[in-house]
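The block underneath contains the structure these notes are about, expressed in structure tokens.
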Amino acid sequence: MSSVLSIVGVRILSSGLAVAFYSGSRGGTGKTTLSLLTSLLISAIEVPKRPSVLFIDLGYEVNSATYILFSRIVPPTYVDLVKADEVDLCEYRINLNGKESRLYFVSCSDVLVTDDILLKLRHVLPVLKKEFDLVVLDFPSSVSKYHHELATSCDVVVLVSDCSELTVKYVTKLPIPGDRYVVAVLNKYRKEFLDLKLKLGEVFPVVYTVSFESSLELLGQGLQYFLKFGRLSKQFSQDLVNLCKFIYDIRRSCRYVYRLCR
């Protein structure tokens, strides 16, 4: 782990991709688990070139990605990101069963989140997109109007629902701008919930299912504990890889369009 990057000032032109993992409703959908595992896997890609990935944890202290990785808040937090004139970001290297993930990480904060902080973070996002290939924002389960505006300012919105009719109904009614890539993810999926997948498909052009995986409960003991004792099923692993490929391919196609229009 070492400080390798300083972000100073604001640049308008962006070439990276911002991805919001969002549910806009209650907790327990598995959104944080998916956002963290997706970020770790994409940051382990080596060919043709390892993408630089920044993860921003907007969650609360309990059950946040910060506590899964570190069991405590490790500076900088996202509040530091918008309040400090200069922020040093660290690259964390994590061994994933023989593959090395290299992830930049911004922790959640124990400071009360204000609307002003969320507005400033929205304005900082273009700077981060200039510095990183992929910026992943993991949103809390309980959100405000300003959380929603920040989420929908991202290039890709990954709407995560679990297999409950209430959550699916809520997700399908979220107002998302028409110029955003939107992918709906039905998490903790079993075949008997096909009707919920079809309901999502009536609203969203892209729907992924991620199968139920009981061993993910071990993440509550921390990532290292999970890597030591957890075992993922082939189906869950393939579902996760498919989601990563979708996000990674959007990143590459967006960068290509940007070069053509330059």
Output for the stretch 151-177, where each listed residue is within 14 Å of VAL206 (Cα to Cα) and more than 19 Å from the chain's Cα centre (by Cα) | THR172
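State which residue is farthest from LEU134 (Cα to Cα) when the search covers only the stretch 90-116 and only residues that are touching a residue at least 60 places away in the same chain (Cβ under 8 Å), surrounded by fewer than 20 Cβ atoms within 10 Å (Cβ to Cβ) and of a type in the set (A, V, I, L, M). Before you say what the answer is, go through the steps one by one.
Residues of the stretch 90-116 that are touching a residue at least 60 places away in the same chain (Cβ under 8 Å), as a first pass: 90-97, 101, 103-104.
This time we only want the ones that are surrounded by fewer than 20 Cβ atoms within 10 Å (Cβ to Cβ), so: 90-97, 101.
Within this subset, residues satisfying the condition of being of a type in the set (A, V, I, L, M) are 94, 96.
Values: ILE94: 18, LEU96: 19 Å.
This residue is LEU96.
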Considering each of LEU194, LEU227, LEU218 in turn, give the residue that is without any contact (Cβ under 8 Å) to a residue 24 or more places away in the chain, assigned to a helix (DSSP H, G or I) and within 27 Å of VAL62 (Cβ to Cβ).
-> LEU218
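Filter the stretch 178-188 down to the residues that are free of Cβ contacts under 8 Å to residues at least 40 places away in the same chain and either surrounded by 12 or more Cβ atoms within 10 Å (Cβ to Cβ) or of a type outside the set (D, E, K, R) (or both) and list them by number.
Residues of the stretch 178-188 free of Cβ contacts under 8 Å to residues at least 40 places away in the same chain: 178-180, 182, 184, 186.
Correct list: GLY178, ARG180, VAL182, ALA184, LEU186.
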Could you figure out which of (1) in contact with a Phe, Trp or Tyr (Cβ under 7 Å, 6 or more places away or on another chain); (2) farther than 21 Å from GLY222 by Cβ isn't true of LEU103?
-> (2)
Which residues, taken from the stretch 123-165, are free of Cβ contacts under 8 Å to residues at least 60 places away in the same chain, surrounded by fewer than 16 Cβ atoms within 10 Å (Cβ to Cβ) and not in a loop (DSSP other than H, G, I, E, B)?
-> LYS145, GLU149, GLU165
Residue in the stretch 61-80 that is surrounded by fewer than 21 Cβ atoms within 10 Å (Cβ to Cβ), hydroxyl-bearing (Ser, Thr, Tyr), touching a Phe, Trp or Tyr at 6+ places or on another chain (Cβ under 9 Å) and under 23 Å from LYS228 (Cβ atoms) present | no
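Please report, ordered by residue number, the strands (runs of 3 or more DSSP E) entirely within the stretch 1-107 with at least 2 residues that are modelled with pLDDT under 85.
Numbers: elements: 2-8, 17-22, 53-57, 86-96, 99-106.
Hits in the stretch 1-107: 2-8, 86-96.
The values are calculated or read from the model by the stated rules, or taken from the named source; none is laboratory data. Everything quoted here is computed from the prediction, not taken from an experiment. Note that we place each Cβ from the backbone using ideal geometry, even for glycine, and neighbour counts take in every protein chain shown.
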